[in-house]
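The values are calculated or read from the model by the stated rules, or taken from the named source; none is laboratory data. Quantities reported herein were computed from a predicted structural model and do not represent experimental measurements. Here Cβ is always computed from backbone atoms with ideal geometry, including for glycine, and neighbour counts include all displayed protein chains. We work out accessible area using only protein heavy atoms, side chains counted, and drop any ligands, DNA or RNA first. Shrake-Rupley method; radii C 1.70, N 1.55, O 1.52, S 1.80 Å.
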Amino acid sequence: MCLNTGYPCDCLTDGPPCEPCRMTAKDRETEEAHLSNTINVPSPAESTCEPDLNVPPAGALKERGRNWGWMLSGIICVNILILGCALVSGSANNSVTIGSSDLQVFIIILLILTSIWMIYYVIYTARNENAVDYKDGHAGPVWLRVGLVLFGLLSIIMDIFKIASYAGYLHCDSAVKVAFPVVQLVFVLVQTCFLWRHAKDCVQLHRNITRCGLMLTLSTNLVVWMSAVTEESIHQTTVPEYPSNDTKLSGRSLYINKAGYGDDACKCSHTSCSIFKEAYYYLYPFNIEYSLFASAMAYVMWKNVGRVTEEHDHHIKFRLKDVFIGPVAGFLLVASGLATFIVYEMEMGSGDSDDDRRDRAVMMHFVMNIVIVSLMSVSTVIGCAIFKVDHREHVLEKNPTRSLDVGLLVGASLGQFIISYFTIIAMAATGAKGYLNRLNLTWAILMVIQLGLQNFFIIEGLHREPFHEVHPVTVVANPYVLQPGKELSTYEGSDMDAKPSPELTAHSLHGHTAEHRPRLLWKRRVLKEVCAFLLMGNIILWIMPAFGARPQFDHDTETEFYKFNMWASIVNIGLPFGIFYRMHSVASLFEVFLTS
């Protein structure tokens with residue numbers, strides 16, 4: 001009996017075929033018959049190899065289901081945002097009969113629905129092990145979640161102050177105004193816990209419901225953001241009562257309207273209403289940033305629904321080792337900016353200041369901003385030059401978090417671009433007469449330059465691969481190899497499983513001891529210094545407009561050129577985006593600092 005070894009077999013010529021050759025010939029005849037039959041008649045095997053074009057594959061069905069979920073969730077988001085924008089605009093206009101209570105009822109409904117969905121999501125994912133099989137390591141880093149918790153706590157304090165203030169008007173005003181901060185407080189608690197635990201989730205079950213729920217969360221936070229921004233803008237700027245004041249303004253007192261309650265018809269029942277009112281107005285910036293942070297995290301979760309990604313997290317330690325100049329210079333910049341900002345606000349807020357003192361305060365504010373923006377522009381140029389000599393590869397993988405960061409950075413900067421360009425046109429058209437107009441023009445031009453440079457620096461830094469430390473190769477001697485002058489007997493009695501010496505372990509495992517660790521490369525150090533300085537500069541540029549600095553209204557050239565209604569609309573639309581841009585730049589610069 002022969003074996004099928006690939007060599008010619010003699011059984012077919014010398015005698016009857018052996019068993020392997022007989023089976024091979026039989027299989028060949030069967031295959032030929034099968035091929036002849038399938039020339040005109042399709043067989044089941046052919047149908048499995050060549051699928052029918054009329055039957056869509058399973059991947060197409062999944063893609064169709066995913067597109068349907070995206071479309072439905074997008075429709076929900078767009079409708080809620082448009083309806084909320086209409087209600088916010090109507091409640092901000094005094095000539096429209098829509099009141100703030102109507103807007104608050106709508107927001108309360110959104111807050112309750114969103115809270116119910118988030119509680120359902122937490123319970124469902126806790127009971128189903130296969131609901132979340134993958135995690136996005138880039139989404140929801142710990143420092144972003146810590147910032148969300150911080151802003152959430154300050155938002156809760158703001159709601160408590162609102163409850164204490166609004167409770168004094170229950171006898172003569174709507175109870176909805178007290179119910180709204182109560183519901184918002186619960187919503188902030190639920191959403192903070194939800195995003196802290198599930199910001200990295202890539203949901204695989206009930207994807208369409210999850211997409212709709214996340215879009216509901218996103219649109220709810222954006223409506224809350226629009227409401228807070230509108231209320232803060234009304235608090236800072238109102239139309240002057242007398243037509244004669246449209247051309248000649250006498251201080252910020254014409255614009256500030258702090259009387260949301262407490263007119264002649266409705267008096268507060270306790271004496272602390274004004275104190276709580278002043279307190280929660282200073283906490284509005286934190287509530288605004290909280291809503292934007294939550295919206296961004298909800299969007300990343302929405303993009304990650306159904307996404308299959310690697311389950312790894314990027315543990316990058318935050319260390320200020322070998323970085324000194326940037327943090328110290330940034331701290332001095334923030335301290336000097338805060339000092340001038342406090343003096344400026346005190347002069348603008350006092351009713352007995354004359355025009356000369358107000359002009360000096362505005363001049364001091366302009367000069368300080370020019371210094372800050374100029375130093376930030378110079379440091380950004382240095383950082384961009386380092387990127388030119390840096391040979392790190394660009395990140396090629398698709399990342400929803402990075403795409404959102406870049407989109408928000410460019411989109412939010414448009415608000416400050418709009419204000420700066422309108423200021424440049426107004427100053428150039430009027431001839432920039434006077435030192436205040438020249439300073440204002442210089443500030444606007446430098447702001448445009450700084451925004452462009454900083455956007456390029458951050459986007460380039462976010463798309464670079466992190467630095468990887470390369471340790472020198474250490475040659476480790478084998479202790480079991482005979483050396484000259486050593487006897488074999490000295491090794492025969494040694495334990496082969498013995499642990500290596502501490503000196504050998506330190507040099508073989510780590511390559512170098514802690515005392516001989518190399519310092520940062522000069523490129524890494526310069527990038528970290530630049531990032532630290534820009535981070536502190538963006539913090540002070542966020543603090544000043546977020547807490548009430550309005551040189552656009554304290555200096556009257558733009559108001560005279562564009563008229564008050566148009567200029568107030570430009571500032572109230574562009575400034576919130578500019579404030580968010582500074583806070584988002586802080587987050588992005590921190591990310592660039594970590595990867596440098």
Exclusive hit being assigned to a helix (DSSP H, G or I), at negative phi and at pLDDT below 85, set Ser250, Ser219, Ser244: Ser244
Extreme residue, nearest to Lys267 (Cα to Cα), among residues of the range 125-151 that are open to solvent by 50 Å² or more (accessible area, probe 1.4 Å) and not aliphatic (A, V, I, L, M): Trp143
Qualifying residues in the range 307-332 (those that are at pLDDT 65 or above and touching a strand residue (DSSP E or B) at 6+ places or on another chain (Cβ under 7 Å)) - the one surrounded by the fewest Cβ atoms within 10 Å (Cβ to Cβ): Val308
Which listed residue, of Leu195, Leu154, is within 21 Å of Ala587 (Cα to Cα), in a helix (DSSP H, G or I) and open to solvent by 10 Å² or more (accessible area, probe 1.4 Å): Leu154
Extreme residue, most open to solvent (accessible area, probe 1.4 Å), among residues of the range 432-465 that are basic (Lys, Arg) and out of contact with any Asp or Glu (no Cβ under 8 Å at 6 or more places or on another chain): Lys433
Residues of the range 326-340 satisfying the condition of being under 27 Å from the mean Cα position of the chain (by Cα) and touching a residue at least 12 places away in the same chain (Cβ under 8 Å): Gly326, Pro327, Ala329, Gly330, Phe331, Leu333, Val334, Gly337, Leu338
Test for Ile98: is it surrounded by 15 or more Cβ atoms within 10 Å (Cβ to Cβ) and assigned to a loop (DSSP other than H, G, I, E, B): yes
Residues being in contact with a helix residue (DSSP H, G or I) (Cβ under 8 Å, 6 or more places away or on another chain) and either farther than 30 Å from Asp201 by Cβ or at pLDDT 90 or above (or both) - total across the range 383-412: 6
Some residue of the range 173-182 being among the hydroxyl-bearing types (Ser, Thr, Tyr), open to solvent by 10 Å² or more (accessible area, probe 1.4 Å) and more than 27 Å from Ser73 (Cβ to Cβ): yes
Selected residue (criterion: nearest to Thr217 (Cα to Cα)) from residues of the range 91-123 that are touching a Leu at 6+ places or on another chain (Cβ under 8 Å) and at pLDDT below 90: Leu103
Residue match in the range 147-165 (condition: among the acidic types (Asp, Glu) and more than 26 Å from the chain's Cα centre (by Cα)): no
